[in-house]
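Colleague: This is the structure, below, for whatever I ask next.
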Amino acid sequence: MYIKEAKRVLRIESDAIRDLIKGLDNNFDRAIQILSRSKGRVVLTGMGKAGIIAQKISATMSSTGTPSLFLHSAEAIHGDLGRVTKDDVVIALSNSGETEEVRKLLPLVKKMGVKLISFTGNKKSTLAKYSDVVFDVSVKKEACPLGLAPTSSTTAMLAMGDALCVCLLKEKKFKEEDFAFYHPGGSLGKRLLLKVEDIMRKGLGNPIVKEDKKVKAVLCDITKARAGAASVVDKRGRLAGIFTDGDLRRNLENRVDVSELKIKDVMTKNPVTVKSEQLAVEALRILQEKKIDEIPVVDKNHRPVGMLDVQDLLKAGLV
C-alpha cells in the first residue's frame, strides 16, 4: 500500500547523499587536518534532529579513536560551555545555520580560540560565517511531503559525519586491535579480543599421546577425554602429528584392522598449528581455509598445550 511512497522517500534521500559527493572540495581535507592535529576532543553540538545526528557522529568518533563528546546547545549557553577547552574542536550542526541556541554559542567559541567546523544547508548563514570550515549539506528538498520534518537534511548530515569519521580513522591508522579495545562487550568484542588460550581444550580434555602408542589405546584416550582428536608427540615431547576421526576412517578404508598399529603409522604428520596467544578469530580463519575441524595449539618449542576445534568456536560465539 505504501511501497510507492517509501520508494519516493528513499529515492529523495539517496539523491541527497549523491549530491554531497559533487560538492566535496579541499575543505574536507582541511577539516581532517584540523581534527587529527587537535590535542583536545571533538565537541559536537546541535539542537533538535540535528542534535541527535550530532550525538551519533560523536559516538562514532569516540569508538574509532577520536575522543569526542556531545554538548547540547541549549545547555551550553547555560553553563555547560565549561566542558569545552581551548584545545578542542567544535563541530556545530544546523541546517538553517540560524538556530538561536547555536548562534548564541558562536562568539563564545571563537573568543576561546577554538576551531569551528559546521554542517549547514546555508553557506551564507551566521554559523557559516563564524566557521573555519563549512560543510555544505544543503538538500534540494526534504523527503517529508509537507517539507517540514528534517529527513533528507539529517540524512545528509549523518552521511557526511560518517565520511568524516572513516577518514579520521584512516588518518590515525586505527586498527582492529584498537577498535576491539573500545568494544570489549558482545560478539564484536569476542571476535576481536578472544584468544586461542581462552577457549582451547587443555588438561584432561586434550589427549596427548606418544607416537609408538597403539591406535586402540589412543582411541580409548580420545573417548575418555570426550575429544575428537589426539596430539601425537615424539620422544622430545614435540608435536609430530594429529590423529582424528577422519584419519581413522581413511585408514579403515584401506585396512581391515588398525587397532594394533602404532599411531605414528596412521596419524596426519606435521599438522597445521596455532599458538595460544593468537586471536581465536585467526584460528577460525585457518580452520575454514584448510577445511579442517581440529587444530593443535603449540608453544614456542612446538610442544602441544591444547586443542581447538569447531565446537569450541561455536560455544564461544565465533561461528
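The values are calculated or read from the model by the stated rules, or taken from the named source; none is laboratory data. Just so we're clear, the structure is a prediction, and the values are computed from it rather than from any experiment. Note that we place each Cβ from the backbone using ideal geometry, even for glycine, and neighbour counts take in every protein chain shown.
Colleague: Could you list, ordered by first residue, the pairs with Cβ atoms under 7 Å in which the first is in segment 128-157 and touching a residue at least 60 places away in the same chain (Cβ under 8 Å) and the second is of a type in the set (Phe, Trp, Tyr), at least 6 apart or interchain?
Modeller: That search, which allows pairs on different chains as well, returns 135/119; 137/119; 157/119.
Colleague: Can you find even one residue in segment 283-294 that is among the polar types (S, T, N, Q) and either buried (at least 16 other Cβ atoms within 10 Å of the Cβ) or modelled with pLDDT of 95 or more (or both)?
Modeller: no
Colleague: Same structure, new question: Which ones in segment 55-86 are over 25 Å from residue 175 (Cβ atoms) and touching a residue at least 40 places away in the same chain (Cβ under 8 Å)?
Modeller: Selection gives 83, 84, 85, 86.
Colleague: Now for a separate question. Output yes when any residue across segment 142-152 is assigned to a helix (DSSP H, G or I) and under 32 Å from the mean Cα position of the chain (by Cα), and no when none is.
Modeller: Yes, some residue in segment 142-152 is assigned to a helix (DSSP H, G or I) and under 32 Å from the mean Cα position of the chain (by Cα).
Colleague: Can I ask one more? Applying the selection to segment 28-54, what residues are among the polar types (S, T, N, Q) and surrounded by fewer than 19 Cβ atoms within 10 Å (Cβ to Cβ)? Full working, then the answer.
Modeller: Of the residues in segment 28-54, the ones among the polar types (S, T, N, Q) are 33, 36, 38, 45.
Within segment 28-54, 33, 36, 38 qualify.
Colleague: For segment 234-262, which residues satisfy the criterion of being modelled with pLDDT under 95, touching a strand residue (DSSP E or B) at 6+ places or on another chain (Cβ under 8 Å) and β-branched (Val, Ile, Thr)?
Modeller: The answer is 244, and nothing else.
Colleague: Closer than 18 Å to residue 161 by Cα and modelled with pLDDT of 95 or more: is that true of residue 12 in this structure?
Modeller: Numbers: closer than 18 Å to residue 161 by Cα: no; modelled with pLDDT of 95 or more: yes.
No.
Colleague: Go through segment 22-86 and tell me which helices (runs of 4 or more DSSP H), entirely inside it, have 1 or more residues that are closer than 18 Å to residue 135 by Cα, under 22 Å from the mean Cα position of the chain (by Cα) and in the same structural domain as residue 144 (by TED's automatic domain parsing).
Modeller: Counting at least 1 such residues, we get 26-37, 48-63.
Colleague: Can you pull out every residue in segment 212-231 that is outside any helix (DSSP H, G or I), of a type in the set (A, V, I, L, M) and either outside the structural domain of residue 309 (by TED's automatic domain parsing) or within 21 Å of residue 255 (Cβ to Cβ) (or both)?
Modeller: Once the filter is applied, which keeps residues that are outside any helix (DSSP H, G or I), of a type in the set (A, V, I, L, M) and either outside the structural domain of residue 309 (by TED's automatic domain parsing) or within 21 Å of residue 255 (Cβ to Cβ) (or both), segment 212-231 yields 229, 230.
Colleague: Can you tell me which residue among 155, 126, 151, 120 is out of contact with any Leu (no Cβ under 6 Å at 6 or more places or on another chain) and buried (at least 21 other Cβ atoms within 10 Å of the Cβ)?
Modeller: Answer to the selection: 155.
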